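Here the structure is laid out as structure tokens; the discussion comes afterwards.
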Amino acid sequence: MNWDDFRLVRAIAEARSLVGAAEALGLNHSTVFRRLGQIEADLGRPLFERSRAGYAPTGAGEEMVALAKRMSDGVVEFERRLAGQDERPRGELRVTTTDSLFGSLLAPMFASFRAAFPEIRVDIIVSNASFNLSRRDADVAIRATSEPPDTLVGRKIGPMAWGVYAKAGSDLARCDPLGPDALYIGFGPPIEEIEPANWIARNVPGARVVARVNSMHIAALGAAAGLGLAVLPRVVGDSMPELTRMDAKPSTTSALWLLTHADLKGAARVRAFMDHAWSYLSKEKARLAGE
């Protein structure tokens with residue numbers, strides 16, 4: 001058996017179909033069907049039970065899938081450790097952050113980094129979901145969080161202040177942000193559990209949450225259009241002239257962090273980016289804190 005056999009069986013188990021596995025592996029359906037048949041013939045036992053609900057692993061199939069996952073994790077760990085031994089700042093660097101932070105704070109920093117290190121190609125992944133740096137979904141994360149994962153290392157840039165914002169000159173801008181006329185834009189997955197969302201849950205009845213969004217940037221645009229009040233980082237809200245900040249002050253313990261995996265911190269390209277980002281963002285602490 002070879003590694004491709006394990007990958008194929010795992011893909012079928014995760015997709016529960018040959019078609020889904022073929023799409024995940026970049027193969028055609030007939031190839032997956034033929035290879036699965038050959039693997040089962042070589043092993044002398046079925047790996048899946050076929051039914052109208054899809055392909056469900058047998059006991060042997062579950063053991064093979066578990067081993068495939070361990071093998072995959074080992075390969076990723078090897079790649080991560082090898083990447084951490086790079087001595088020259090070059091190659092591809094995957095950095096993840098949020099849309100609101102990129103637009104209001106980070107875009108000039110990426111531009112200056114590109115000018116300083118032209119041999120590093122930055123893959124900027126804008127996402128509001130938390131990426132798994134242990135699996136190398138990204139090499140570096142720039143995130144607002146109150147408690148970063150234990151598996152990551154990095155630097156705390158500084159605390160992030162939040163505010164309640166309304167469309168400038170609108171009726172909402174003249175209401176009491178905690179009164180009965182205040183209508184809010186809430187948060188849905190994957191950011192429904194951030195601290196500002198909990199503040200809204202504690203202070204705003206559900207009937208006054210008129211919409212839910214999955215992006216801080218969309219919340220800001222919605223508030224600017226008059227959809228409702230939005231709880232935003234001060235560095236975002238204060239930078240938008242079409243918004244006005246209300247007198248409510250959501251209390252949070254979130255801070256901006258610059259994070260990477262311990263195995264990657266020695267890689268030249270990661271080290272170069274971490275140092276450059278720290279130098280740039282350290283000068284923005286006052287804006288982050290709302291001062």
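Check whether at least one residue in the stretch 64-80 is among the polar types (S, T, N, Q) and over 25 Å from the mean Cα position of the chain (by Cα), and report yes or no. Break it down stepwise before answering.
Of the residues in the stretch 64-80, the ones among the polar types (S, T, N, Q) are 72.
Those left that are additionally over 25 Å from the mean Cα position of the chain (by Cα): none.
Looking through the stretch 64-80, none of the residues is among the polar types (S, T, N, Q) and over 25 Å from the mean Cα position of the chain (by Cα).
Tell me whether the stretch 212-223 contains one or more residues that are surrounded by fewer than 16 Cβ atoms within 10 Å (Cβ to Cβ), at pLDDT below 95 and touching a Gly at 6+ places or on another chain (Cβ under 8 Å).
yes
What is the number of the single condition among (1) β-branched (Val, Ile, Thr); (2) in contact with a strand residue (DSSP E or B) (Cβ under 6 Å, 6 or more places away or on another chain); (3) assigned by TED's automatic domain parsing to the domain that holds Arg208 that Val270 does not meet?
Only one criterion in (1) β-branched (Val, Ile, Thr); (2) in contact with a strand residue (DSSP E or B) (Cβ under 6 Å, 6 or more places away or on another chain); (3) assigned by TED's automatic domain parsing to the domain that holds Arg208 is unmet by Val270, namely (3).
If you check Glu23, Glu63, Glu79, Glu14, which single one turns out to be among the acidic types (Asp, Glu) and in contact with a strand residue (DSSP E or B) (Cβ under 9 Å, 6 or more places away or on another chain)? Steps first, please.
Working: Glu23 fails: in contact with a strand residue (DSSP E or B) (Cβ under 9 Å, 6 or more places away or on another chain); Glu79 fails: in contact with a strand residue (DSSP E or B) (Cβ under 9 Å, 6 or more places away or on another chain); Glu14 fails: in contact with a strand residue (DSSP E or B) (Cβ under 9 Å, 6 or more places away or on another chain).
Going through Glu23, Glu63, Glu79, Glu14 in turn, just one is among the acidic types (Asp, Glu) and in contact with a strand residue (DSSP E or B) (Cβ under 9 Å, 6 or more places away or on another chain): Glu63.
Before we move on, is Asp137 in contact with a Phe, Trp or Tyr (Cβ under 9 Å, 6 or more places away or on another chain), not hydrophobic (A, V, I, L, M, F, W, C) and not in a strand (DSSP E or B)?
Yes, satisfied.
Look through Ile200, Ile157 and report the one residue that is buried (at least 19 other Cβ atoms within 10 Å of the Cβ) and under 20 Å from Met246 (Cβ atoms).
Details: Ile157 fails: under 20 Å from Met246 (Cβ atoms).
That would be Ile200, the only listed residue that is buried (at least 19 other Cβ atoms within 10 Å of the Cβ) and under 20 Å from Met246 (Cβ atoms).
Can you name the residue in the stretch 156-210 that is part of a loop (DSSP other than H, G, I, E, B), of a type in the set (Asp, Glu) and within 17 Å of Ser254 (Cβ to Cβ) and, of all such residues, is modelled with the lowest pLDDT?
Within the stretch 156-210, the first condition is being part of a loop (DSSP other than H, G, I, E, B), and the residues that meet it are 160-161, 168-171, 175-183, 188-194, 204-205.
Within this subset, residues satisfying the condition of being of a type in the set (Asp, Glu) are 171, 176, 181, 192-193.
Narrowing further to those that are within 17 Å of Ser254 (Cβ to Cβ): 192-193.
Numbers: Glu192: 89, Glu193: 85.
So, considering only residues that are part of a loop (DSSP other than H, G, I, E, B), of a type in the set (Asp, Glu) and within 17 Å of Ser254 (Cβ to Cβ), the one modelled with the lowest pLDDT is Glu193.
Could you tell me whether any residue of the stretch 251-271 is in a strand (DSSP E or B) and among the hydroxyl-bearing types (Ser, Thr, Tyr)? Step through it out loud before you land on a result.
Within the stretch 251-271, the first condition is being in a strand (DSSP E or B), and the residues that meet it are 255-261.
If we keep only those that are among the hydroxyl-bearing types (Ser, Thr, Tyr) as well, we get 260.
For the stretch 251-271, residues in a strand (DSSP E or B) and among the hydroxyl-bearing types (Ser, Thr, Tyr): present.
Okay, residues lined up against (1) touching a residue at least 40 places away in the same chain (Cβ under 8 Å); (2) of a type in the set (A, V, I, L, M):
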residue	(1), (2)
Gly206	no, no
Leu221	no, yes
Val236	yes, yes
Leu259	yes, yes
Ala262	yes, yes
Gly290	yes, no
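Which number in (1) touching a helix residue (DSSP H, G or I) at 6+ places or on another chain (Cβ under 9 Å); (2) modelled with pLDDT of 90 or more marks the one condition that Ser17 misses?
All conditions are met except number (1).
The values are calculated or read from the model by the stated rules, or taken from the named source; none is laboratory data. Bear in mind that the values here come from a model prediction, so they are computed numbers and not experimental data. Glycine also receives a Cβ, built like all others from the backbone with ideal geometry; neighbour counts cover every protein chain displayed.
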